[in-house]
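The values are calculated or read from the model by the stated rules, or taken from the named source; none is laboratory data. Given the structure is predicted, the values throughout are model-derived calculations rather than measurements. FYI the Cβ positions are ideal-geometry reconstructions off the backbone, even for glycines, and counts take in every protein chain you see.
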Amino acid sequence: MRNAYLEALYELAGADRRVLALIADNGAIVYDKYRRDYPEQYFNFGISEANMVSVAAGLASCGKIPFAYTISVFLTMRAFEQVRNDVCMQRMNVKLVGTGAGFVYSNLGPTHHATEDLALMRALPGMTIFSPADASEAYQATMAAARMDGPVYLRLATGGSPKIYEGEQGSCGQQNFQPGQAVLLRGGNDLAIVGTGAILLEAIRAADELEREGIAARVINIHTVKPIDREIILRAAAQTGRVITLEEHSVTGGLGSCVAEVLAEAGQAGVQLRRLGLVDSFAESYGSYEQMKQRNGLSKEFVVQAAWELMEN
């Protein structure tokens, strides 16, 4: 995802000198090509995230389109005051790009796991949140963010995320990526699995296994967490009666909360909801990304188990 973001940013900077790359030193080496070709559109602030965000707001006030990039936890938590007061309160056209979504920085431990960032960014007025599922969608989301006027939080995994869509640019196509419109990845009327980000791979794996067991699971990709696609959620709930949410995030304030709010506010009766994510806890243990998904109850086996429990009910 990170590389796809950088590809899109490079193209944007070449077409529009207002587009600027701001970084807080983390991952500076991946900007080598950009820095070489667009040195006047590149600023490295060092390990100074709050300062970077405040400068981004100032640049936006002058008509620039700054993309401020660093590790998600540092961007959304260490610089939260600046994001709130300088960017959102002033409605500045700043694009915040956080890498390391969920616990993809698995071996670095909970200090580097972004498992509360959605809750923080959701609470900010005027903030749009993109949470792409793969590199293709990350490219499209970056382009969409540049076209929008206002604050955007782009939540990325790292460079090696799996493909959710087929082909180089994804089967949904760049022209079909619409902020606020979720994507139906699989059809099915027995239950719905609603996910966001790279963890959607586990939803697809689970749907494949459930299909072999005679259960048709619908899979929905919420690539825009805010504003969320209410219609696709309500339709899935009405047609299946069973909904599972899947996220590398706390279920409090994250996608699970979003879906629960949609269902409750619509008065959708008789729907079974199961939220899979971190429940009042930080990510368990250390290890590889695959191990982290397993140890924290987010691998396909846990999705299949939750599906069977809902079916039995």
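Values computed for the structure shown
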read-out: Sole residue being basic (K, R), at pLDDT 95 or above and surrounded by fewer than 23 Cβ atoms within 10 Å (Cβ to Cβ), chosen from R212, R155, R218; value: R212
read-out: Subset of the stretch 268-295 (residues that are modelled with pLDDT under 95, at negative phi, surrounded by 14 or more Cβ atoms within 10 Å (Cβ to Cβ) and not charged (D, E, K, R)); value: Q268, F282, A283, Y286, Y289, Q291, M292, Q294
read-out: Lone unmet requirement of (1) assigned to a helix (DSSP H, G or I); (2) farther than 24 Å from A157 by Cβ; (3) of a type outside the set (K, R) for T111; value: (2)
read-out: Qualifying residue in the stretch 95-104 (condition: assigned to a helix (DSSP H, G or I), in contact with a helix residue (DSSP H, G or I) (Cβ under 9 Å, 6 or more places away or on another chain) and either modelled with pLDDT under 95 or surrounded by fewer than 24 Cβ atoms within 10 Å (Cβ to Cβ) (or both)); value: no
read-out: Residues located in the stretch 1-47, provided they are of a type in the set (G, A, S), assigned to a helix (DSSP H, G or I) and either more than 24 Å from the chain's Cα centre (by Cα) or within 21 Å of C88 (Cα to Cα) (or both); value: G14, A15
read-out: Selection within the stretch 279-313 - out of contact with any Ser or Thr (no Cβ under 8 Å at 6 or more places or on another chain) and charged (D, E, K, R); value: E284, K300, E301, E309, E312
read-out: Tally of residues being surrounded by fewer than 16 Cβ atoms within 10 Å (Cβ to Cβ), farther than 12 Å from Y69 by Cα and either free of Cβ contacts under 8 Å to residues at least 24 places away in the same chain or not acidic (D, E) (or both) across the stretch 12-34; value: 6
read-out: Criterion: crowded, with 18+ Cβ neighbours inside 10 Å, assigned to a helix (DSSP H, G or I) and in contact with a strand residue (DSSP E or B) (Cβ under 8 Å, 6 or more places away or on another chain) - qualifying residue of A50, A145, A133; value: A145
